[in-house]
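Enquirer: One structure follows; several queries about it will come next.
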Amino acid sequence: MRKRYSIAKPFALAQERYAAIGVDVNRALKTLLQIPISLHCWQGDDVGGFENFGSALGGGLVATGNYHGKARTPDELRMDLEKTYSLIPGKHRLNLHAFYGEFGDKKVDRDEIAPTHFKNWISWCGAIGIGLDFNPTCFSHPKSADGFTLSHRDKAIRQFWIEHCIRSREIGEAIGKSLGTACVTNIWIPDGYKDVPADRNGPRMRLVESLDAVFKKPISQKFNLDAVEPKLFGIGSESYVVGSHEFYLGYAVSRRKLLTLDAGHYHPTEGIADKISSVMRYLPEILLHVSRGVRWDSDHVVILNDDLLSIAREITANGFEKRVYIGLDYFDASINRVAAWTIGARNMLKALLISLLEPPAIKTAEANGDFTSRLALQEEARTLPFGAVWDYFCESKNVPIGDKWLLEVKSYEKNVLSTRN
């Protein structure tokens, strides 16, 4: 019979090792516990949603793969999410797109959505004690088929999407009031051109007017936080995106909105970690969408790489834990979807833990102009025993340690996911 592994001794040794270099492990774990990660609902069904329009996935979004077991109903999606939350230490959130509402047999268009269509989601989040974030869905719809929404030439189409975003903010407000924690409502639009445009300014002028109309109604930040999300390019908008980084940075600063930094929305050689402290000079809060682009905005499952570690360090080293909202944003249809959620969320938390356990001597060396020691200590920190601390954190929160979570996912796949046609 295999002997049960005890984490107590490795954790005690790790705690002693960190204490010797001036790191308070218990303080790091306490801080980590206060950082929620917002899981994105769209990993669970390949960005399908539950509308009755039957529109194909659009807006430059592509889900590749056909792994069995994707959620087909809101109840199945909630079941899969509950399983995922049971494998992630701490208390987290859910990020929901508007076309995941529950509309029954009715065809409710996007400019008609209301809080009642999300009452089951709100009730479920309240029952399991998590916060809920929201997004208007400005893609996969007949009125976005030509690639334009809030910046469209047609005033009637712009007004349709303005109304959709207004109603999304109102839903965010209802969510915040019901759950007692502010809902972050993030606007991303697919607007742009595949080839070089003749007019770059006109769509941006229209987008400013549309956004101002969307945000005209005052809503207390106690209940809803507005965010706007830029992008470098997308499929079908390779040459020009209306809502570029510069556009939304200016808009967010001038209108006091949250700026969303998506790790996959920039050039492959451009990391968002360096942007965090820059935009935080001018904005009180920001939203992160943590993804992994491979040569383009391909939304791969988040892994524990240097990009993720740099993002986490930028948050914790500057004390931005209360000013940065962290959400995941990727979708992989080629692997088990519960596993995809779990891998990404646990890696985000691991990156935050590693950054919280950083030896203070690294910053001291830099402050003293000793860049030799800074580099040496940065490299030595890579082999510090954070794994034992992570295992302890998981065990203390009653979630599987090591790869034991994978056994639970495999069992769930066999007993639940494999039964879905």
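The values are calculated or read from the model by the stated rules, or taken from the named source; none is laboratory data. Since the structure is predicted, the reported quantities are computational estimates derived from the model, not experimental observations. Virtual Cβ from ideal backbone geometry, glycine too; neighbours counted across all protein chains shown. Accessible surface areas use protein heavy atoms only, side chains included; no ligands, DNA or RNA. Shrake-Rupley method; radii C 1.70, N 1.55, O 1.52, S 1.80 Å.
Enquirer: So which trypsin sites (Lys or Arg not before Pro) in segment 96-183 pass both tests, a DSSP loop state and at most 15 other Cβ atoms within 10 Å of the Cβ?
Expert: Of the trypsin sites (Lys or Arg not before Pro), the ones in loops of segment 96-183 whose Cβ has at most 15 other Cβ atoms within 10 Å are LYS106, LYS107, ARG153.
Enquirer: From the Cα gyration tensor of segment 5-48, with a ≥ b ≥ c the square roots of its eigenvalues, which class applies: rounded if a/c is under 1.5, or else prolate if a/b is larger than b/c, or else oblate?
Expert: prolate
Enquirer: Size of the chain along its principal axes in angstrom, Cα-based, largest extent first?
Expert: Principal-axis extents of the Cα atoms in the chain, largest first: 65, 56, 39 Å.
Enquirer: Identify all aspartates and glutamates with a Cα-Cα distance to LYS222 below 16 Å; exclude those on the same chain that are fewer than 8 residues away in sequence.
Expert: Hits, sequence-local ones excluded: ASP133, GLU170, GLU173, GLU285.
Enquirer: Now, a different point. Would you calculate the convex hull of the Cα atoms in segment 92-211 and tell me its volume per residue in Å³?
Expert: 108
Enquirer: Something else about it: Name the residue, out of ASN368, ASN201, ASN398, whose mean-square fluctuation peaks in a Gaussian network model built on the chain with Cα pairs under 10 Å.
Expert: Of ASN368, ASN201, ASN398, the most mobile in the Gaussian network model is ASN368.
Enquirer: Continuing with the same structure: Evaluate E = 1/(1 + (r/R0)^6) for PHE320 and VAL253, where r is the Cβ-Cβ distance and R0 equals 25 Å; express this FRET efficiency to the nearest 0.05.
Expert: Efficiency for this residue pair is about 0.90.
Enquirer: Follow-up. Please name whichever of MET280, ILE219, ILE235 sits farthest to the positive end of the charge dipole of segment 209-329, dipole taken about the Cα centre and charges placed at Cβ: Lys and Arg +1, Asp and Glu -1.
Expert: The residue sitting farthest along the positive end of the dipole is ILE219.
Enquirer: Turning to a different aspect of this structure: So, by mean Cβ neighbours within 10 angstrom, what's the order for 402-415, 231-244 with the highest one leading? Intermediate results must be reported in sequence, preceding the final value.
Expert: Values: 402-415: 14.3, 231-244: 19.6.
By packing density, highest mean first, the sequence is 231-244, 402-415.
Enquirer: Now, a different point. With a 10 Å cut-off between alpha carbons and a GNM built on the chain, which of ASP191, ASP109, ASP299 moves the most?
Expert: ASP109
Enquirer: Further, regarding this structure: Apply the a/c threshold of 1.5 to the C-alpha gyration tensor of segment 237-358 and tell me whether it is rounded, prolate or oblate. Present the calculation step by step, with values, prior to reporting the outcome.
Expert: On the way: a/c = 1.96, a/b = 1.16, b/c = 1.69.
Oblate shape, in that a/c is at least 1.5 and b/c is the bigger or equal ratio.
Enquirer: Now a separate question. How tilted is helix 119-128 with respect to the longest principal axis of the chain? Cα atoms for both, answer in degrees (0 to 90, nearest 10).
Expert: Rounded to the nearest ten degrees, it is 10.
Enquirer: Compute the accessible area per residue over segment 35-75, keeping the other protein chains in place, probe 1.4 Å, unit Å².
Expert: Per-residue value: 41 Å².
Enquirer: Could I ask something else about it? Taking only Cα atoms, what is the 0 to 90° angle, nearest 10, from helix 371-381's long axis to the longest principal axis of the chain?
Expert: Long axis of 371-381 versus the principal axis of the chain: about 90 degrees.
Enquirer: Please compute, over every Cα-Cα pair in segment 79-138, the percentage with a separation greater than 13 angstrom. Show your work: numbers first, answer last.
Expert: Values: 1151 of 1770 pairs.
For segment 79-138, the share of Cα pairs beyond 13 Å comes to 65 percent.
Enquirer: Oh, and also: Would you mind checking the pairs LYS143/LYS177; LYS194/LYS216; LYS257/LYS322 and listing those with alpha carbons more than 20 angstrom apart?
Expert: LYS143/LYS177; LYS194/LYS216
Enquirer: Straight distance only, please: which lysines reach the Cα of LYS9 with their own Cα at less than 21 Å, same-chain residues fewer than 8 apart left out?
Expert: LYS30, LYS350, LYS397, LYS404
Enquirer: Once you have a ≥ b ≥ c as the square roots of the Cα gyration tensor eigenvalues for segment 168-309, tell me rounded if a/c is under 1.5, and otherwise prolate or oblate according to whether a/b is larger than b/c.
Expert: Oblate, since a/c reaches 1.5 and b/c is not below a/b.
Enquirer: Taking the Cα centre of the chain as the origin, how large is its charge dipole in debye, to the nearest 20, when only Lys and Arg (+1) and Asp and Glu (-1) carry charge on their Cβ atoms?
Expert: 920
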